[in-house]
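As structure tokens, the structure follows; a few thoughts come after it.
The values are calculated or read from the model by the stated rules, or taken from the named source; none is laboratory data. Computed from a predicted structure; not experimentally measured. Note that each Cβ is placed from the backbone with ideal geometry, even for glycine, and that neighbours are counted across all protein chains shown. Calculation scope for accessible area: heavy atoms of the full protein, side chains included, ligands and nucleic acids excluded. Shrake-Rupley method; radii C 1.70, N 1.55, O 1.52, S 1.80 Å.
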Amino acid sequence: MINRFDMLRKLGVRLTASVSAAPKAAIPKMAAPRATVASTAAATTRAAAPKVVKPPRAAGLFTAAAAVTGAAATASAVSFLVHQSRQEINGTDEFSEHTRRQHRKSAGKFLSGMHSPFITEDPEVLEAFHKHFSEFSHLLPKSVEDLRAQQVLKTAVVIRPLSDCPVSMSLDTALLAVGGPPALMAAAAASEAGEKVIYMYAGQKRPIYYDSALHLEFDADTEMPTTYLPTTFLMQQLKRGLYDRVDYAEVERTGEFPWRTLDTWSFAQRPGQWLPAFKVAIGSQLRAMRMQDPDRRQKEREEVSAQCRFNEAFYAHLNERLDGQLLLPGTGSIIVARTQGEVDDLRVQQENLVKEGRSLNFLTRDDIIKRFGFPLEGIAFAEKPHDRILSPNHRPLLTGLITQKEGNKVIDATLKVIYCDGKEPGGVAEYQTPDGKTHYLAFSKSTLSLGDQMIRGFNNESLFDSVGATGVSSLSLLYTPPHYNVPDETVCGATNHASKISKNIPVIYQGKPMQVCLMRETGGACITPGDRGMDGTDYDCTIATGNLSAMHNTFGKACVFKPVLVKGCNRQVSKNGQTAWLQPYPGIHIQYCAGGGGLTRAPDLVAKLFPSYRGATPSPKPR
């Protein structure tokens, strides 16, 4: 079978050779197509002047412009194919080999740069992972096929009139909480407040927090919506597509990459998702333009800051109830600036944090060495002291806390339908257990946090529009010398987060005394359709390569990263630009499109349902 990659490479070589060998005078100019079209049109007109009406001048100009545009588009397309055919990375490790294979695997991956998940097959890496970090075995799927099956979107949850319910039930007084951390936090708060709680989660589906950095950033500067304009983003993507292209080898060397990208190939394959994406883009553009106003921006900052403080106090209280197990022991995050632009961004961030009563403290290189026993590679360093890391095992911890109260239940099931009358709180939930059986339960109010799962209302239309902002999530073993004390959270430029989620384990690695810990690395945001089906775990190769290279470069040559899993993290975003709640019917609260802030903002609804919650200060109504 002829390899597509080799065919395109040969095509690129031949095209390059032919242009290079041609005399300068023979290189076509952009004006040539226009002259050819105009002269042909004129000759045709003169030959039939007595019978044919002369075409309007505007039509000739339009034809010429179309020819020029077509020629430019063709040249750009050929240039793109040549560029893609020459893309290479130089690494010899297992992940680099995976990247090379993916680039040559199919036309879609070749053109889009979206690669399939990586799961290590290195027996030494797998043995070390299962030996030292067995408590995290649920984070590593058995195969790529299993991973896709776990994360593929389920059937939409439908809200229907109570009159459609096939069973008759008396309404219960329980709070029904379904889904991810926002629903779980509401359930924990209700249980602590003495209410009856039923918490439901789909154990067969991989929750998005499995792939999160678990980084809690309790400040508005991080959590408030961006004012970055979608039109600016699209212009940047057009520029990148036409001429300002990214080389894998350069990204691999520097660890610097465009962290906002666009998966045009997936959108081209799914025209049914163009309209929702267009609505999100228009809504985001209008919101960002409104927030250019300083007064509106300041008001929004104050609201988000107050909400973050409430959430911080809420987490602290639950952490105390769970004997300090909910939050990992370390506090604060270390931010490493690698360029002058990143240093300037840190200065702005420091000013913004001071305005909301927070701090960002700059550190010297000597400070870093004294605290951590080794130098991080960068030109400036800062610490954000109020950040925390959520335990990767927060769900079993919190469900255990919930079931301590008599009458509370935790159910492993998939929610299918909610029946309500649309006038009074409460209703009936239809759900399916792993054995395929259908069950019903009554509730008085409900909170839903279903991630990328669609929710339809009475009219069978989606209650909100969304697109994917797919980041890259990696799980890696990090080997370091015994005296290295790796920071609990390191941010190395833009969106590259590295969370240390385990303790150090002394080992012998390649004949030397070392220590190993488990790291979660995340970064980037590739705009994709909200539902990519089985492709939902694919990731942008430039982001993955750049993210892992940034880690290597920042931690230095004495540290060795061994990726265990690299996959796409299919976060959802809406026109709101931040996590949002809606109440389509009385007593039914739905969290949607958290973007990257789903964990920090998970307790938002608690502030509304339980404003006087113990240990927390009331905050403005969540958005």
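So the values come out like this:
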item	result
Candidate set from segment 504-546 (those that are part of a strand (DSSP E or B) and of a type in the set (Lys, Arg)); member that is least open to solvent (accessible area, probe 1.4 Å)	520
Count of residues meeting criterion [in a helix (DSSP H, G or I), over 27 Å from the mean Cα position of the chain (by Cα) and charged (D, E, K, R)] in segment 130-166	2
Strands (runs of 3 or more DSSP E) enclosed by segment 425-489 - at least 3 residues per element that are touching a strand residue (DSSP E or B) at 6+ places or on another chain (Cβ under 8 Å) and open to solvent by 30 Å² or more (accessible area, probe 1.4 Å)	438-443
Test for residue 573: is it modelled with pLDDT of 90 or more, under 30 Å from residue 127 (Cα atoms) and either surrounded by 22 or more Cβ atoms within 10 Å (Cβ to Cβ) or in contact with an Asp or Glu (Cβ under 8 Å, 6 or more places away or on another chain) (or both)	no
Check on residue 440, touching a helix residue (DSSP H, G or I) at 6+ places or on another chain (Cβ under 6 Å), under 21 Å from residue 155 (Cα atoms) and at pLDDT 95 or above	no
Matching residues, segment 283-332, being within 21 Å of residue 574 (Cα to Cα) and in contact with a helix residue (DSSP H, G or I) (Cβ under 7 Å, 6 or more places away or on another chain)	284, 285, 290, 291, 296, 301, 304, 305, 307, 308
Single unsatisfied condition, residue 171 versus (1) surrounded by fewer than 23 Cβ atoms within 10 Å (Cβ to Cβ); (2) over 17 Å from residue 427 (Cα atoms)	(2)
Which listed residue, of 333, 359, is polar (S, T, N, Q) and open to solvent by less than 10 Å² (accessible area, probe 1.4 Å)	333
Answer residue from segment 362-387, given it is in contact with a His (Cβ under 9 Å, 6 or more places away or on another chain) and surrounded by fewer than 20 Cβ atoms within 10 Å (Cβ to Cβ) and is farthest from residue 329 (Cα to Cα) among those	374
Contacts under 8 angstrom Cβ, first residue in segment 258-273 being more than 11 Å from residue 470 (Cα to Cα), partner among the small types (Gly, Ala, Ser) and buried (at least 19 other Cβ atoms within 10 Å of the Cβ), 6 or more apart	264/112; 265/112; 266/112; 267/277; 273/530
Subset of segment 177-211 [open to solvent by less than 20 Å² (accessible area, probe 1.4 Å), in contact with a strand residue (DSSP E or B) (Cβ under 9 Å, 6 or more places away or on another chain) and more than 25 Å from residue 331 (Cβ to Cβ)]	177, 178, 179, 183, 186, 187, 190, 191, 197, 198, 199, 200
Answer from 516, 606 - the residue that is modelled with pLDDT of 95 or more and either touching a helix residue (DSSP H, G or I) at 6+ places or on another chain (Cβ under 8 Å) or farther than 27 Å from residue 365 by Cα (or both)	516
Leading residue by the ranking (farthest from residue 260 (Cα to Cα)) among those in segment 549-558 that are open to solvent by less than 10 Å² (accessible area, probe 1.4 Å) and of a type outside the set (Gly, Ala, Ser)	555
Pairs, first farther than 22 Å from residue 462 by Cβ in segment 152-181, second polar (S, T, N, Q) and surrounded by fewer than 19 Cβ atoms within 10 Å (Cβ to Cβ), C-beta under 7 Å, six or more apart	171/444; 172/444; 173/444; 174/444; 175/444
Hits in segment 362-409 (condition: assigned to a helix (DSSP H, G or I), without any contact (Cβ under 8 Å) to a residue 60 or more places away in the chain and either aliphatic (A, V, I, L, M) or within 16 Å of residue 486 (Cα to Cα) (or both))	365, 366, 367, 368, 369, 370
Matching entry among 586, 563 (being open to solvent by 10 Å² or more (accessible area, probe 1.4 Å), in contact with a Phe, Trp or Tyr (Cβ under 7 Å, 6 or more places away or on another chain) and of a type outside the set (D, E, K, R))	563
Scope segment 298-319; condition in contact (Cβ under 8 Å) with a residue 12 or more places away in the chain and open to solvent by 50 Å² or more (accessible area, probe 1.4 Å); matching residues	302, 303, 309, 312, 316
Selected residue (criterion: most open to solvent (accessible area, probe 1.4 Å)) from residues of segment 279-296 that are part of a helix (DSSP H, G or I) and in contact with an Asp or Glu (Cβ under 9 Å, 6 or more places away or on another chain)	279
Whichever residue in segment 212-249 is modelled with pLDDT of 90 or more and charged (D, E, K, R) and, among such residues, is surrounded by the most Cβ atoms within 10 Å (Cβ to Cβ)	219
Scan of segment 265-278 for residues that are open to solvent by less than 90 Å² (accessible area, probe 1.4 Å) and among the polar types (S, T, N, Q), ordered by number	266, 273
Conditions (1) out of contact with any Leu (no Cβ under 9 Å at 6 or more places or on another chain); (2) under 27 Å from residue 204 (Cα atoms); number of the one not met by residue 164	(2)
Test result for residue 218, touching a strand residue (DSSP E or B) at 6+ places or on another chain (Cβ under 8 Å), of a type outside the set (A, V, I, L, M) and under 21 Å from residue 333 (Cα atoms)	yes
Qualifying residue in segment 406-421 (condition: open to solvent by 30 Å² or more (accessible area, probe 1.4 Å), farther than 30 Å from residue 313 by Cα and modelled with pLDDT under 95)	yes
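Here is a yes/no grid of residues against (1) among the charged types (D, E, K, R); (2) open to solvent by 60 Å² or more (accessible area, probe 1.4 Å); (3) modelled with pLDDT of 90 or more:
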| site | (1), (2), (3) |
| --- | --- |
| 92 | no, yes, no |
| 117 | no, no, yes |
| 121 | yes, yes, yes |
| 127 | yes, yes, yes |
| 134 | no, yes, yes |
